[in-house]
Amino acid sequence: MRPEFSPSGSEFHLHRIWKELNFSLLRLRSTDGRQIRILDPGTHNCTTGPDFRNAHILADGIDLFGDVEIHLSANHWYEHKHHKDPNFNRVILHVVADPTPVLVKNEAGFTLLTLSLGPYLRARQRTFRKELSYRNNLRCLSHLHYISEDAFNAQIRKAHREYFNLKSEDFLKYYDPHLSGSKAWKKTSLPGSLTDWV
C-alpha cells in the first residue's frame, strides 16, 4: 500500500474494475466529448504516485502513453494535492466515478482528460457502488474494506446453509415419530394449536 494514501474500499473497487477493464468499452467518451479507446490500462502502482503506470490509450485516434489516476470524486485530485505534485505530470487520464466531474490540471498546468466510469459500469457494479455511498448511514460499514466477489459469495453460501440448518432444526422440533407418517408431517407443517384441527 502507499504510504501517503490508502484507497477506500469503494475506490479500491474502482482500481480493480479499471485493472480488469470490467466495464463497457464501447463508445467511451471523455467528459469533453473525445472518443477514448483503452489499449492497455497500465500496471497497478502500489507505491507513491499515480494509480496505474505506463497506460496506452487512444483519444480521438491519437496515441497517448502515460499514467492513470483513479478517484471516486474528481475533487480528490485537488484534495490529495496532485495538482502541485510533478509526479502526476505524466497522467494522461483521470478516471472518476462522478457523473459530472470537474476538470483538473496537473502541476505543469495542462488540463487532463477525464473519464467518468459511472455510465459504463454494469448494473451490479453501479448498485454496489451506490450501496457503498451510504457508508455514513451504517455504523459497521466504516470497518468495511474491499472484499473480493468470491469471498463475498462464499459468505452468502455459508449464511444460506446456516439458515437452512436452523430452519430444518425448527421444523424437526414438531415432528413426532410416534404418529403415523401423514399425521406426523401434518404436525410439522401446522405447528402449535393448529394441529388440533386436523
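The values are calculated or read from the model by the stated rules, or taken from the named source; none is laboratory data. Note that this is a predicted model, so its numbers are computed, not measured. So basically every Cβ, Gly included, is an ideal-geometry build from the backbone, and we count neighbours across all protein chains shown.
Some points to look at:
- Residue list for region 67-91, restricted to those being outside any loop (DSSP other than H, G, I, E, B), crowded, with 19+ Cβ neighbours inside 10 Å and not acidic (Asp, Glu): VAL68, ILE70, HIS71, HIS76, TRP77, HIS82, PHE88, VAL91
- Restricting attention to region 48-66 and to residues that are outside any strand (DSSP E or B) and surrounded by fewer than 21 Cβ atoms within 10 Å (Cβ to Cβ), the residue that is modelled with the lowest pLDDT turns out to be THR48.
- Cross-chain or 6+ apart pairs with Cβ under 9 Å, region 139-165 first and at pLDDT 75 or above, then surrounded by 11 or more Cβ atoms within 10 Å (Cβ to Cβ) and not in a helix (DSSP H, G or I): GLN155/ILE147
- Here ASP40 fits the description: at pLDDT 95 or above, within 30 Å of ASN153 (Cβ to Cβ) and loosely packed, with under 15 Cβ neighbours inside 10 Å.
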